[in-house]
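Take a look at the structure set out below.
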Amino acid sequence: MTSAAEREPAQTHTRKVLFTSVCRPLGPAHGDGPSVGYELLHGQVTRAQGMFSPRSLHLHFALEYIAENLEAPSVVLQYPSRRELVRELEKGYDYVAVSFLLAVFHRMQEVVALVRKHAPGSKIVLGGYGTVLSDEVLAPYADHICREEGVAYMRELLGEAPIEMPYRHPLVVSHLKVFGAKVSKTGMVFAGLGCPNGCDFCCTSHFFKRRHIRLLPSGKDIYAVVERYLEIDPGISLVVLDEDFLLNKRRALEFRECVLRGGKALSLFVFASIKAISQYSTEEILEMGIDGMWIGYEGTRSGYAKQQGRAPEELFRELREHGVSILASMIVGLPYQDEAIVQQEFDGLMALEPDLCQFLIYGPTPGTPFFERTLKDGLLRRGLREDRELYYKSCDGFTAMVEHPTLAPQTIEALQQRCFREDFQRLGPSIYRAVGTWLRGQRTLARSTNPMLRRKSERFARELRNAYPVFLAGRLFGPARAVRRRIGALQREVHAAIGPPTLGERARSVVAAGLALWTAFTLRLGLFQDPRLTKHAWRLPAEARRPARIWQRLVDARKAVHVERRPDGAVWLRLHGAMRAEDTARIAQQTREALRRTRDRLVLDLKGLNNFDGESAQHLADVLGEYRARIRILAPSTLAHPGVTTALAAFSVYHSPAFGL
């Protein structure tokens, strides 16, 4: 086993890298821990909400990010089956990099065994938070171990020259589903790693020695990535992946200035502590586009430094009044807690009415102060001390692992389950709680004198309109009579504020109720719960997903036309340089034919043109008008004049139906 600094000797061929997650199927039904699976929301937040649980596949984003920033040909597999992994291994790779967490240590062992059998010449690189384990434990499974920022590590391992941050940022788009129907797209913004707060249980903070690594060093860098996602879809939602995004005030306020100059009301979900949030006014938070936050409530007596600042009661109320949805996390099993204190803290959290809640058991992870204290004081449960691999599998946030002063392990686990169950029974499904928060925000911001906040109110109004089809299912199938009544009252309030539903929206409500029943049926029987393989290739033309051949015919010898397929599945057609009238006519006709023969969505990017007049724009609009619901055109703003703007106005957004139905 070697470090990245001990580079491999120079080789005459180009080295290929395969990045992979562990293999599917995953989950409790397949011998894994209670929270192990493919989804963060459904696995750890809305797990008790059944048919109402929003669903979103959680990829190993780091693999996509690292592959984007290498020179070596690379392939990424997300949740392959064993057969799919073996088929890929047999193509021959110099390195196979495996990402894993402690709770799936046994799954990592399976992947390594397959690599050793089917690709014995491949060097194995282990990465992810599972590498908090010692070299002694991991040595049998790895030739190299990555315990640092992955791009720099892999480039050094491969003998590639260092590159400066910000690195190239891949566009990774996730889809949120409700009742099995896609309702929104979310772009992932990778802004930073690590956290200086250093909570004693936090693996991600101590993995990076309480350092914050700014993958996107400035607010301008973050906004540049946001702009690329807005090119995909002007209405896209965004998640900023950074442990405590608002802690660096200078970077956050620089980002705010960029948003204000851009003039578009964004929709951002961020991770933030009370300490960090307390540095800003609510208006500043909203101007950044933030309308969702993950906040660590933890426990009222836990005493973590990140909890210092404004009172949670005041902060939560003010944020929700302005349309900011809150996902609050609480810890069960802290040393000072007994059953009464857990109930008291839970009741306090319920009084804050967060939109979503996570309840995790206080557990020791290697590398954290709590782990060291657990070993020093002999607090690890006996069975876990004696069975190392059982301990790894128990690092899932849903297993009581230490001897508690007053609570038995079974009691702690039962308290956690009760918290999830009572949260759902008391406050109802999170999708309706979020709609209620949007309605508050729409009303509050509509009265604002700030133009950006009024635009945010208009965005909330659109989100509320798109939510119309979900109400019927909540009124029929909500978990309790009081909850069903509240959903009905919320529906009436939304209709009064935004307008009555159309006939089409009423029809989609009936369809949504049917889909809700189907969702409940598939959950109960465990049907269709495993994702398909997600595979992406970099610098391997034979492996890359390419547009249909008819799109490739648009590429000309002058390289003025470039075609690619983006992560969201759309075909991007970029035009560069000078475009003659005959070129425009040819491209328009060929594009029309490609749209006729495929079901692809198209983004026609004209921003690289240095001449484009109103007559050409009108011709393009006339030829492609039949397919405008599938086309978005990015006009060259530096050249645009009223003729171009008027001709292409109908192509500014996709015309997708609400609720994805």
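The values are calculated or read from the model by the stated rules, or taken from the named source; none is laboratory data. As the structure is a prediction and not an experimental result, all values here were calculated from the model. Cβ coordinates were reconstructed from backbone atoms using ideal geometry, including for glycine residues, and neighbour counts include every protein chain displayed. We work out accessible area using only protein heavy atoms, side chains counted, and drop any ligands, DNA or RNA first. Shrake-Rupley method; radii C 1.70, N 1.55, O 1.52, S 1.80 Å.
General remarks:
- Filter pass, Gly367 being open to solvent by 10 Å² or more (accessible area, probe 1.4 Å), in a helix (DSSP H, G or I) and over 25 Å from Ser237 (Cα atoms): no
- Remark: Glu110 matches the filter, which requires a residue to be assigned to a helix (DSSP H, G or I), surrounded by fewer than 17 Cβ atoms within 10 Å (Cβ to Cβ) and modelled with pLDDT of 95 or more.
Residue-wise test of (1) part of a loop (DSSP other than H, G, I, E, B); (2) among the acidic types (Asp, Glu); (3) closer than 30 Å to Phe105 by Cβ; (4) without any contact (Cβ under 8 Å) to a residue 12 or more places away in the chain.
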{"site": "Glu313", "(1), (2), (3), (4)": "no, yes, no, no"}
{"site": "Gln337", "(1), (2), (3), (4)": "yes, no, yes, no"}
{"site": "Glu345", "(1), (2), (3), (4)": "no, yes, no, no"}
{"site": "Leu349", "(1), (2), (3), (4)": "no, no, no, no"}
{"site": "Gly363", "(1), (2), (3), (4)": "yes, no, yes, no"}
{"site": "Glu372", "(1), (2), (3), (4)": "no, yes, yes, yes"}
{"site": "Leu375", "(1), (2), (3), (4)": "no, no, yes, yes"}
{"site": "Tyr391", "(1), (2), (3), (4)": "no, no, yes, yes"}
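- Screening Tyr79, Tyr129 for residues that are in contact with a Cys (Cβ under 9 Å, 6 or more places away or on another chain) and at positive phi leaves exactly one candidate, Tyr79.
- Across the range 607-625, not a single residue is classified as assigned to a strand (DSSP E or B), free of Cβ contacts under 8 Å to residues at least 24 places away in the same chain and either over 28 Å from Glu64 (Cβ atoms) or among the basic types (Lys, Arg) (or both).
The rows are residues; the columns are (1) more than 17 Å from the chain's Cα centre (by Cα); (2) within 25 Å of Ala434 (Cα to Cα).
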site	(1), (2)
Phe207	yes, no
Val225	no, no
Ile236	no, yes
Arg256	yes, yes
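Here's the yes/no breakdown for (1) open to solvent by 30 Å² or more (accessible area, probe 1.4 Å); (2) acidic (Asp, Glu); (3) more than 34 Å from the chain's Cα centre (by Cα); (4) closer than 19 Å to Gly33 by Cβ:
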{"residue": "Phe371", "(1), (2), (3), (4)": "yes, no, no, yes"}
{"residue": "Lys376", "(1), (2), (3), (4)": "yes, no, yes, no"}
{"residue": "Arg385", "(1), (2), (3), (4)": "yes, no, yes, yes"}
{"residue": "Arg388", "(1), (2), (3), (4)": "yes, no, no, yes"}
{"residue": "Tyr392", "(1), (2), (3), (4)": "no, no, no, yes"}
{"residue": "Phe398", "(1), (2), (3), (4)": "no, no, no, yes"}
{"residue": "Pro405", "(1), (2), (3), (4)": "yes, no, yes, no"}
{"residue": "Gln410", "(1), (2), (3), (4)": "yes, no, no, yes"}
{"residue": "Leu415", "(1), (2), (3), (4)": "no, no, no, yes"}
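- One residue stands out among those in the range 328-356 that are within 14 Å of Leu407 (Cβ to Cβ) and among the small types (Gly, Ala, Ser): the one that is surrounded by the fewest Cβ atoms within 10 Å (Cβ to Cβ), which is Ala340.
- Failed criterion for His42 (all others in (1) of a type outside the set (A, V, I, L, M, F, W, C); (2) at pLDDT below 95; (3) out of contact with any Leu (no Cβ under 8 Å at 6 or more places or on another chain) hold): (2)
- Count of residues meeting criterion [more than 28 Å from the chain's Cα centre (by Cα) and among the small types (Gly, Ala, Ser)] in the range 483-532: 7
- Against the test of being small (Gly, Ala, Ser), closer than 19 Å to His322 by Cα and in contact (Cβ under 8 Å) with a residue 12 or more places away in the chain, the options Ala497, Ala473 yield a single qualifying residue, Ala497.
- Matching residues, the range 316-335, being in contact with a Ser or Thr (Cβ under 9 Å, 6 or more places away or on another chain), within 17 Å of Leu268 (Cα to Cα) and in a strand (DSSP E or B): Ser325, Ile326, Leu327
- Of the numbered criteria (1) of a type outside the set (Val, Ile, Thr); (2) in contact (Cβ under 8 Å) with a residue 60 or more places away in the chain; (3) open to solvent by 10 Å² or more (accessible area, probe 1.4 Å), the one Pro28 fails is (2).
- Qualifying residue in the range 238-255 (condition: open to solvent by less than 10 Å² (accessible area, probe 1.4 Å), touching a helix residue (DSSP H, G or I) at 6+ places or on another chain (Cβ under 9 Å) and more than 27 Å from Ala311 (Cα to Cα)): yes
- Residues that are outside any strand (DSSP E or B) and either open to solvent by less than 30 Å² (accessible area, probe 1.4 Å) or hydrophobic (A, V, I, L, M, F, W, C) (or both), drawn from the range 68-80: Asn69, Leu70, Ala72, Pro73, Tyr79, Pro80
- Residue match in the range 275-288 (condition: surrounded by 19 or more Cβ atoms within 10 Å (Cβ to Cβ) and among the basic types (Lys, Arg)): yes
- Test for Thr437: is it surrounded by 19 or more Cβ atoms within 10 Å (Cβ to Cβ) and touching a residue at least 24 places away in the same chain (Cβ under 8 Å): yes
- Phe207 satisfies every condition listed in (1) closer than 14 Å to Asp244 by Cβ; (2) modelled with pLDDT under 95 except (1).
- Matching entry among Asp377, Asp396, Asp355 (being among the charged types (D, E, K, R) and out of contact with any helix residue (DSSP H, G or I) (no Cβ under 8 Å at 6 or more places or on another chain)): Asp377
- Matching option when the condition is at negative phi, in a helix (DSSP H, G or I), of a type outside the set (D, E, K, R) and in contact with a Ser or Thr (Cβ under 6 Å, 6 or more places away or on another chain), among Ala496, Ala461, Ala434, Ala414: Ala434
- Checking each residue of the range 291-298 against the condition of being over 21 Å from Ser430 (Cβ atoms) and either among the acidic types (Asp, Glu) or buried (at least 23 other Cβ atoms within 10 Å of the Cβ) (or both) gives no match.
- Residue that is out of contact with any Leu (no Cβ under 8 Å at 6 or more places or on another chain), within 30 Å of Ala446 (Cβ to Cβ) and of a type outside the set (Val, Ile, Thr), where the choices are Ala351, Ala328: Ala351
- Consider the range 478-493 and keep the residues that are in a helix (DSSP H, G or I) and either of a type in the set (D, E, K, R) or farther than 15 Å from Tyr468 by Cα (or both). The one that is least open to solvent (accessible area, probe 1.4 Å) is Val483.
- Within the range 88-110, the set of residues being among the aliphatic types (A, V, I, L, M) and out of contact with any helix residue (DSSP H, G or I) (no Cβ under 7 Å at 6 or more places or on another chain) comprises Ala97, Val104.
- Taken together, the residues in the range 113-148 that are among the β-branched types (Val, Ile, Thr), out of contact with any Leu (no Cβ under 8 Å at 6 or more places or on another chain) and farther than 27 Å from Ser205 by Cβ amount to 1.
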